[in-house]
1. With a cut-off of at least 2 residues that are at pLDDT 95 or above, within 16 Å of ligand 3 (Cβ to nearest atom) and closer than 25 Å to Phe28 by Cα, name the helices (runs of 4 or more DSSP H) lying wholly within segment 57-155.
2. Which pairs turn up if I take residues in segment 43-58 that are within 19 Å of Ser185 (Cβ to Cβ) and hydroxyl-bearing (Ser, Thr, Tyr) and look for partners that are away from ligand 1 (no atom under 16 Å from the Cβ) and in a helix (DSSP H, G or I) with beta carbon separation below 6 Å, at least 6 apart in sequence or on another chain?
3. Would you point out the residue of segment 454-477, among those that are surrounded by fewer than 17 Cβ atoms within 10 Å (Cβ to Cβ) and of a type in the set (Val, Ile, Thr), that is farthest from Ser374 (Cα to Cα)?
4. Six or more apart or on different chains, Cβ under 6 Å: which pairs go from a residue in segment 230-253 that's over 16 Å from Ala60 (Cβ atoms) and away from ligand 1 (no atom under 16 Å from the Cβ) to one that's of a type in the set (Gly, Ala, Ser) and in a loop (DSSP other than H, G, I, E, B)? Could you list them?
5. Would you confirm whether any residue within segment 162-176 is under 24 Å from the mean Cα position of the chain (by Cα) and buried (at least 18 other Cβ atoms within 10 Å of the Cβ)?
6. Tally up the residues in segment 121-161 that are closer than 18 Å to Lys65 by Cβ, surrounded by 18 or more Cβ atoms within 10 Å (Cβ to Cβ) and under 23 Å from the mean Cα position of the chain (by Cα), please.
7. Report yes if some residue within segment 255-277 is part of a strand (DSSP E or B) and within 16 Å of ligand 1 (Cβ to nearest atom); otherwise report no.
Amino acid sequence: MIYTDIDLDKVDINGKEPVKEPERQYYFMAMCREWVREKEKEAGRPLTYITQTFGCQMNAKDSEKLAGILEKVGFHETDTEEADFVAYNTCTVRENANTRVYGRLGYLNSLKRKNPNMMIALCGCMMQEDAVVEKIRKSYRFVDIIFGTHNIFKLAELIYSRLTSKGMIIDIWKDTDQIVEDLPSERKFKFKAGVNIMYGCNNFCSYCIVPYVRGRERSRNPEDIIKEIKELTADGVVEIMLLGQNVNSYGKTLNNPISFAELLKEIEKIEGLKRIRFMTSHPKDLSDSLIEVMKASKKICSHLHLPVQSGSSNVLKIMNRRYTKEDYLSLVDRIKTAMPDISLTTDIIVGFPGETEEDFLETLEVVKKVRYDSAYTFLYSKRSGTPAAQMEDQVDEAVAKERFDRLLKVIQEISGELTARHEGEIKEVLVEEVNEQNNTLLTGRLSNNILVHFTGTPDMIGSLIPVKLTECKGFYYIGEVAY
Ligand code: SAH
Ligand code: SF4
Ligand code: F3S
């Protein structure tokens, strides 16, 4: 499903390439399509592609943009890496994300030996690091195209460059203030979609590499966002996830500044749209007017992801999070007073440099006070170039691991109790898919993001169905349709 439809047949490919975007990319898409058609004839079969996402939801959204361009150019999606075009969209937020990419590259090389026409593209956050690009340039010569996070929209142009020149194409931009609209995007689900509202991050939390690899914060124009969501709903989408590293600071840098709360009010008015989600919220920028808007809304889901990172004000200060434990707890209080039933989830880092046992106990205390429906926990990972990587008192791995396990236990206990609180109730479920293990069951999500499995028919996929939550099984429910 490509939802920005461009008629490549109307693109003039005999003249010179346009300078202006997105017309320039339409031109290169049309050129690449000619090439794909020729290759298809030669091979006597369609050419295939696969995109692999290694990172977060923004990374996944970028992969959909890559897929949109590849589809438009004439490649057909496949689910194996034995494809004619393989794109790895990388992540570098923690060391293990990098390790996974290097691990898989060897395998790609063996596939390329069997299919020398195969094209391999590496892009995403890891490619914004000079040392990574250097390593690939030297030791992974079989890679065809390397690009970064700022020029995803140029994929067709980069493919064309590869076709018309010899050797690896490397195109990394340090930063950009450009936002190119009206390019194709291929959605994974028919009924739900991610929508970027902003790019980049200005917060520079001291452990985090994202601001270095994603550049400065820039917001999309509200009109472009609304237009995209209207096109999506016209195409069957009922749930959207608004994406940004810190959605609460949306709009501040626009020529006509508008707040995130105001944007949400506009999105709420879009007919056909049933559910609105967003991530991520930085606690320091979460306004009371956002709480008001969430409370009054019929469409915003009953879920807020509010990363705390640590419960210790000392650690938070060194992390450069710009809130204290007390600020965070009082914010949670205001949210829960306004919306007593809301599900809160969070991210926590364990073993940040200088974290003492006392600091860690404060994290446990916050977890017990807030009672998160679920939490993503991470062992601190040193990212070169970030201030925390230079800090002296790095925590011993074994100590961090032991804290991590204790934290996980507490989170899981609370999470189990909280999930069960809706047992017996009837709630709306957005049906997502036929259950993978048992095809008589459907799987969907509650407004608070919890999974429900129930007996139903595939035609229900994409609809909101009232379901009685008969039994809580820990992290999900078994239910039955309640008409
Ligand atoms: N913008 C979001 C988070 C993006 S990264 C926010 O501010 O909440 C997702 C999560 O990865 C972070 O919330 C943090 O918990 C974790 N993370 C980031 N850098 C990390 C590092 N160096 N080590 C371990 N976890 C990290
Ligand atoms: Fe990283 Fe902090 Fe920006 Fe989130 S807000 S992406 S944790 S620097
Ligand atoms: Fe990873 Fe980049 Fe997202 S580093 S977490 S893919 S912004």
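1. Hits in segment 57-155: 57-73.
2. Tyr49/Leu70; Thr51/Ser63; Thr51/Leu66; Thr51/Ala67; Thr53/Ser63
3. Among those that are surrounded by fewer than 17 Cβ atoms within 10 Å (Cβ to Cβ) and of a type in the set (Val, Ile, Thr), it is Thr457.
4. Between residues of segment 230-253 that are over 16 Å from Ala60 (Cβ atoms) and away from ligand 1 (no atom under 16 Å from the Cβ) and residues that are of a type in the set (Gly, Ala, Ser) and in a loop (DSSP other than H, G, I, E, B), the close pairs are Thr233/Gly272; Gly251/Ser259.
5. Within segment 162-176, not a single residue is under 24 Å from the mean Cα position of the chain (by Cα) and buried (at least 18 other Cβ atoms within 10 Å of the Cβ).
6. Residues flagged as closer than 18 Å to Lys65 by Cβ, surrounded by 18 or more Cβ atoms within 10 Å (Cβ to Cβ) and under 23 Å from the mean Cα position of the chain (by Cα) within segment 121-161 amount to 19.
7. yes
Quick grid of which residues meet (1) among the basic types (Lys, Arg); (2) farther than 18 Å from Leu70 by Cβ:
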residue	(1), (2)
Lys10	yes, yes
Val19	no, yes
Cys32	no, no
Thr48	no, no
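The values are calculated or read from the model by the stated rules, or taken from the named source; none is laboratory data. Please read all numbers here as calculations on a predicted model, not as lab measurements. Please note: Cβ atoms are built from the backbone with ideal geometry, for glycine as well, and neighbour counts cover all protein chains shown.
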